[in-house]
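Working notes for the structure below.
Please treat every number below as a calculation from the coordinates, not as lab data. These numbers come from a predicted model, not from an experiment. Cβ placement follows ideal geometry from the backbone for every residue including glycine, while neighbour counts extend to all protein chains displayed.
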Amino acid sequence: MVKIKWLGPAAWLVEGSSKSFIIDPFLSQDPNSAMKPSEIKKLDFIFITHNHFDHIGDAVALVKSTGAKIVTTFETAQMMQKSGVPEAQAIGPKAYSSGCQER
């Protein structure tokens, strides 16, 4: 069974029987958030849709407290690495120079 819980403006927590993830974890700065970061004990992934503060939110703190991996855009993954997230835990597509790729 999968549980999906809305936590705030763009934040969602998805918990399955073996894996869990959060989307856009803007929690501690939102006074109306349904959860605080300290209440989240297990995460496998943190998905960040884009690098605005109200989407990144508590991602770095949650990586440190849960060991989760961040999945996001290339630029946001680089930003997360500069904020102290290990490269192996900040997953983003590789940049390419031409702006598009042929297949």
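Of all residues in region 1-28, those satisfying the criterion of being farther than 20 Å from residue 55 by Cβ and among the hydrophobic types (A, V, I, L, M, F, W, C) are 1, 2. When region 74-87 is filtered for residues that are in contact (Cβ under 8 Å) with a residue 12 or more places away in the chain and either assigned to a helix (DSSP H, G or I) or within 11 Å of the chain's Cα centre (by Cα) (or both), the ones remaining, listed by number, are 74, 75, 76, 77, 78, 79, 80. Residue count for region 48-60 under the criterion of being closer than 19 Å to residue 84 by Cβ and within 10 Å of the chain's Cα centre (by Cα): the result is 7.
Just one residue in the set 4, 46 is within 21 Å of residue 89 (Cβ to Cβ) and hydrophobic (A, V, I, L, M, F, W, C); that residue is 46.
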